[in-house]
1. Within 10 Å of each residue's Cβ, count the other Cβ atoms and sort 69, 89, 61, 125 from fewest upward.
2. Mind listing the long-range amide H neighbours of residue 55? Cut-off is under 5 Å, sequence gap 5 or more, other chains count too, H placed in the peptide plane at 1.01 Å from N.
3. 5 Å is the cut-off here: which amide hydrogens, built 1.01 Å from N in the peptide plane, fall below it relative to residue 43, excluding neighbours closer than 5 in sequence?
4. Given C-alpha coordinates of region 31-141, what is the ratio Rg to Rh with the Kirkwood estimate of Rh?
5. So, in Å, what gap is there between the alpha-carbon centers of region 44-60 and region 100-140?
6. May I ask which residue of 49, 133, 115 lies farthest towards the positive end of the charge dipole of region 18-134, with charges of +1 (Lys, Arg) and -1 (Asp, Glu) on Cβ and the Cα centre as origin?
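Laboratory data are not the source of any read-out in this text; all were calculated from the coordinates shown. All values derive from a computational prediction rather than experimental measurement. Using ideal geometry, Cβ is built from the backbone for each residue, glycine included, and neighbour counts are taken over all protein chains shown.
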Amino acid sequence: MYVVSEIRTRRYRGRSLPAITGPEAVHRLVFPRLKTERREHFIALYLDSRNNVLAQETISVGSLNASIVHPREVFRPAILHSAAALILVHNHPSGDPQPSEEDLAITRRLREAGQLLGIELLDHVVLASGGYASFKERRLL
């Protein structure tokens, strides 16, 4: 919950967080925290209707190449923060940002859950030392 409290601290100090304008902004916001991690971290960015970050939560910390994610763990904070949308983010410690079949499957499942709840899944960004992969840019979402 470090990031949520940091976001609140930044807002309190009068500095506003930039709106998320694309996967590059997600990369700049999240990658510095994940670049040295040896395990997968699955994170959700909860956004208001103008794509400003309301909160950032770590949903799951997995193994070297896998992370277990359940829709209730992703959407509970979205409801609590009254989020209009969310962006999923996770790292690939291998250095290759190419989405796996498991990444595709969980993204489809979470998109369907979001549609039922009226919370739009804007993107899923995979971060790695070799760059990033945006599901939206690749038309996988």
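1. Exposure proxy ranking, most exposed first: 61, 69, 89, 125.
2. Under 5 Å from the amide H of residue 55: 46.
3. Those qualifying (amide H under 5 Å, at least 5 residues apart or on another chain) are 59, 89, 90.
4. Reported Rg/Rh (Cα atoms, Kirkwood Rh): 0.94.
5. About 14 Å separates the Cα centre of region 44-60 from the one of region 100-140.
6. The residue sitting farthest along the positive end of the dipole is 49.
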